[in-house]
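Working notes, beginning with the structure itself.
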Amino acid sequence: MGLFGKSRLPMAHDSKSDVQRIGSSLSLIVFALVVVLAGLISGRFMILWVGFFLVVIGVLAETMATLTFRHLTVRHQFQSLAAEIDQPMSAELIVENPLPWSVGQIEWQLDVPEPLRFYSLAQSSVDDSHGHWRLHGTLMISRQERLRVLLELRGMRRGRFRVGTTTVEFSDPLHWGQWMRRAHLDERLITIWPRRLSLPSGFWSHASNLGDLHGRLWDPPDPVLIAGIRPYRPGDPARRIHAFASARSGQLMVKEDEHLLARTVEVILHPQSTAYAWKGLDSEALEDCISLAATVVEASLTQGLDVGLVVSGAVAGHSQGLNFRPRHGPGVLEQMLTALAWTEPSDSMGSHLVDHLAELTRRISRDSLVVLVAPFWPDEARSAWAALMARGVNPVWITNARTYGQPLVLRPVGVHAVWRWLDGEWSRE
């Protein structure tokens, strides 16, 4: 589906559409036929001609109304279907009349979900008495004219929202009282991405704790370990030539490097916002947890690392969660942010996490940094974590659980580090 869509008002007799007629000129035609019949019976030609005139007017009004109904085009045009929280997005409501006669006054009404805010740059008003925003206004459209109502959209929180429940009302061109109505016009899904925060200054030190030590003792480890020496091959970079080995052997020798710096980041999101399911949902903790996962994903991709994403919660269209293999490149960040924006907790998150960890264990490599983002450690996946740690992986745990000022009691065995984000501040447990 493209960014822009078009919806044409269907014929009035289309029984599958949600179009309604609030009046019709058919009553005028019936009245005119009665007048014609009365003229024929009484033999008065004046009454007869008046009846014929009313028949012509009624048929003409009905025909013009049907053609207007068929050809009047109403559509939405959005600048983008995804945005950040509180980022303005421009949109347009376009009404086009290609016919050679004027449609006259058109009344439009747009219903908007509560987390979104629409602001019209045209004459309009907003009514939120029904639990959602209702934007409406009036247009005057002439023959062969296109009108645009400029709108500005802002999302107040993360999620996906359906926009486009639009009502359009207009009369027939001869204004005989025929009204037509079309709802659910050109619906679109608007995605609002989660907020991104800032990672602590020492976070990336977990990705460089392996390698050779060179120079002073307080220097950080070299992320490249020399694994061996081999003869030079055409195409090898000159910086890899080993001078001493080349002088000793009498031929060019190059170093074989083994990369030990984490080149892949696996982000695991387990959005369990309370310690026990029966305690319900902590909305603030849930949103912070998803924002933290989005922060790690964006920061890793910005550094050119391959990023994998595991989501144990339900994602729209994927009730058992998602498991993205590590990758980077154009569009990867947008795809992962959209998945996080569509994430909601589910009752079976624990079992889904076990399945995803089993798949992660099969594909994990020694140079991967595993980051678990979860308010509470998932004990139900204990055996799956043990299998993952048996591969030599020591995950980093990011939590935003509130412990009322007390440190986390126990660090799970095998966890390399625990970071806690609370009230906008980082602390290492």
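Every read-out reported here was derived from the displayed coordinates using simple, explicitly stated rules and does not represent laboratory data. Source: prediction; values computed, not measured. Positions of Cβ are backbone-derived with ideal geometry, glycine not excepted, and every protein chain shown enters the neighbour counts.
Figures for the structure shown
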{"quantity": "Gain on full stretching of the segment that runs from residue 132 to residue 413 - 0.36 nm per residue minus C-alpha separation", "calculated": "96.3 nm"}
{"quantity": "Over segment 289-348, relative contact order from alpha-carbon pairs under 8 Å, at least 6 apart, %", "calculated": "35 percent"}
{"quantity": "Order of 167, 191 - criterion: other Cβ atoms within 10 Å of each residue's Cβ, fewest first", "calculated": "167, 191"}
{"quantity": "Potential lengthening between residue 114 and residue 145 on full extension [0.36 nm per residue; Cα-Cα distance subtracted]", "calculated": "7.9 nm"}
{"quantity": "45, 376 arranged by Cβ crowding within 10 Å, fewest neighbours leading", "calculated": "45, 376"}
{"quantity": "Chain lengthening between residue 30 and residue 386 when straightened (0.36 nm per residue, less Cα-Cα)", "calculated": "119.9 nm"}
{"quantity": "Estimated distance in nm for a label pair at residue 281 and residue 230, the labels positioned 7 Å out from Cα along Cα-to-Cβ", "calculated": "5.5 nm"}
{"quantity": "Ascending count of other beta-carbon atoms within 10 Å, so fewest first, for 422, 372", "calculated": "422, 372"}
{"quantity": "Segments 333-344, 132-143, 60-71 sorted - mean Cβ within 10 Å per residue, highest first", "calculated": "333-344, 60-71, 132-143"}
{"quantity": "Förster-model FRET efficiency, 51 Å R0, residue 90 and residue 348, C-beta, rounded to 0.05", "calculated": "0.80"}
{"quantity": "Spin-label model distance (nm) - residue 67 vs residue 256, 7 Å beyond Cα toward Cβ", "calculated": "8.3 nm"}
{"quantity": "Computed label-point distance, nm, for sites residue 59 and residue 79 using a 7 Å Cα→Cβ extension", "calculated": "5.2 nm"}
{"quantity": "Dipole axis of segment 308-404 (+1 Lys, Arg; -1 Asp, Glu on Cβ), positive-most option in 354, 316, 328", "calculated": "328"}
